[in-house]
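S.K.: Have a look at the structure that comes next, please.
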């Protein structure tokens, strides 16, 4: 069975297949990454940032072909896909511009006199393990800061997006990155474990499922390797009050349905105070029911298929489990008739703890709405999840929203907004949503040697 293949989720057709890397290819890549590191780390930061700035330019120049490629591989509507490419270009631009400042020596005032400083230096080749839902963006978060820092990268992408993985590698090559500084590898799990254990590899970054994160962390820990994990999420969207319920509902639907709901930071659990609950449910359901699927290659499509038929089947099973155990299905709940991995936009209410939808992440166009009697109950329900990635708090009273935000056990909270990402803001979670941070200056503080250089008096 071929592990890496392009299966168009809009049609179910297999379009291209790729073999796994051989043992010899893996060894060649490891040796090249180590050799490239010895040179790349010595290159002036201005030289490194020049290459990364060119990467940003190439993403903009190839925007349409890159967008259509992921529309074909994982079903993202081409309009959304172009937005992802633009975001990626902004991330490479950000680190090309701001990276040198982040790498400046940090002088310390120390007791006893003399001089002391902290110098940020690279640590070596790194392994990145990336998912299919944002094929370019997830790589950029990891690659941009680390290449500017002077590390080199081996990249294992998702099995469902091999062509976009190769397109990323080509951009780095065309931008002038030295041979071996970024290498794409088609790997299985056993090969991943062997690479993490290799003495030349100094760290691993994974964006993916909780199960994958636990497996990678176990191998990394056993081999004393640094790791960053960005895992699942079940982000709460808390409605305390609203002076414009239509606008709040519009934001809620947008937060649930971007990328067909296949985002770790998507709003998934809608927690509404009881005085607004019924009108919120009515308006939210009506908006969800109006959303129609389409061909992701068409310019007017805003809702495409899920990434695969298995993903669609799994989501429908979670929904059906809730319905079978007494949840109310307000709209949707089924696969769309015809070819492709399409699932109807779905709204569930009356979800209780014995249902899978209560505790599991619903990775697709399905929302769960809860009614609560108080702000305290809203906070308790929001924090009752094993995940802690992001969250949203909506209120006409900013001080009230800030107070609730402060009590949420998440890595990110957005006030009167759904979760957003941009190059200069840190990204990451707590609890079972992962460890470490990406983006902003924090993105350069993970795989780095913060070296103390001390000259006593």
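The values are calculated or read from the model by the stated rules, or taken from the named source; none is laboratory data. In this text, all values refer to a predicted model and were calculated from it rather than measured experimentally. For neighbour counting, all protein chains shown are included, and Cβ atoms are generated from backbone atoms with ideal geometry for every residue, glycine included.
S.K.: Specify which of the listed residues (255, 314, 333, 261) is modelled with pLDDT of 95 or more, touching a strand residue (DSSP E or B) at 6+ places or on another chain (Cβ under 6 Å) and closer than 22 Å to residue 386 by Cα. Before you say what the answer is, go through the steps one by one.
M.R.: Details: 314 fails: touching a strand residue (DSSP E or B) at 6+ places or on another chain (Cβ under 6 Å); 333 fails: closer than 22 Å to residue 386 by Cα; 261 fails: touching a strand residue (DSSP E or B) at 6+ places or on another chain (Cβ under 6 Å).
Testing whether each residue is modelled with pLDDT of 95 or more, touching a strand residue (DSSP E or B) at 6+ places or on another chain (Cβ under 6 Å) and closer than 22 Å to residue 386 by Cα leaves just 255.
S.K.: Here is a follow-up. Taking residue 48, is it at pLDDT 95 or above, more than 22 Å from the chain's Cα centre (by Cα) and buried (at least 21 other Cβ atoms within 10 Å of the Cβ)?
M.R.: Values: at pLDDT 95 or above: yes; more than 22 Å from the chain's Cα centre (by Cα): yes; buried (at least 21 other Cβ atoms within 10 Å of the Cβ): yes.
Spelling it out, residue 48 is indeed at pLDDT 95 or above, more than 22 Å from the chain's Cα centre (by Cα) and buried (at least 21 other Cβ atoms within 10 Å of the Cβ).
S.K.: Among the listed residues 104, 111, identify the single one that is modelled with pLDDT of 95 or more, part of a loop (DSSP other than H, G, I, E, B) and out of contact with any strand residue (DSSP E or B) (no Cβ under 6 Å at 6 or more places or on another chain).
M.R.: 104
S.K.: Of all residues in the range 306-326 being in contact with a helix residue (DSSP H, G or I) (Cβ under 7 Å, 6 or more places away or on another chain) and part of a loop (DSSP other than H, G, I, E, B), which is surrounded by the fewest Cβ atoms within 10 Å (Cβ to Cβ)?
M.R.: Here the residue is 307.
S.K.: With in the same structural domain as residue 326 (by TED's automatic domain parsing), touching a strand residue (DSSP E or B) at 6+ places or on another chain (Cβ under 6 Å), surrounded by 14 or more Cβ atoms within 10 Å (Cβ to Cβ) and touching a residue at least 12 places away in the same chain (Cβ under 8 Å) as the only criterion, which of 418, 413, 375, 448 stands out? Write out each step before concluding.
M.R.: Numbers: 413 fails: touching a strand residue (DSSP E or B) at 6+ places or on another chain (Cβ under 6 Å); 375 fails: touching a strand residue (DSSP E or B) at 6+ places or on another chain (Cβ under 6 Å); 448 fails: in the same structural domain as residue 326 (by TED's automatic domain parsing).
Answer to the selection: 418.
S.K.: Among the helices (runs of 4 or more DSSP H) lying completely within the range 338-437, list those that include at least 3 residues that are within 19 Å of residue 209 (Cα to Cα).
M.R.: Working: elements: 356-359, 375-383, 398-407.
Counting at least 3 such residues, we get 356-359.
S.K.: When you look at residue 155, is it in contact with a strand residue (DSSP E or B) (Cβ under 9 Å, 6 or more places away or on another chain), outside any helix (DSSP H, G or I), in the same structural domain as residue 82 (by TED's automatic domain parsing) and within 26 Å of residue 199 (Cα to Cα), yes or no?
M.R.: Working: in contact with a strand residue (DSSP E or B) (Cβ under 9 Å, 6 or more places away or on another chain): yes; outside any helix (DSSP H, G or I): yes; in the same structural domain as residue 82 (by TED's automatic domain parsing): yes; within 26 Å of residue 199 (Cα to Cα): yes.
Yes, satisfied.
S.K.: Of everything in the range 60-81, what is over 23 Å from residue 343 (Cα atoms) and in contact with a helix residue (DSSP H, G or I) (Cβ under 9 Å, 6 or more places away or on another chain)? Give them in sequence order.
M.R.: Quick first cut of the range 60-81, residues over 23 Å from residue 343 (Cα atoms) only: 60-66.
Listed by number, the residues that qualify are 60, 62, 63, 64, 65, 66.
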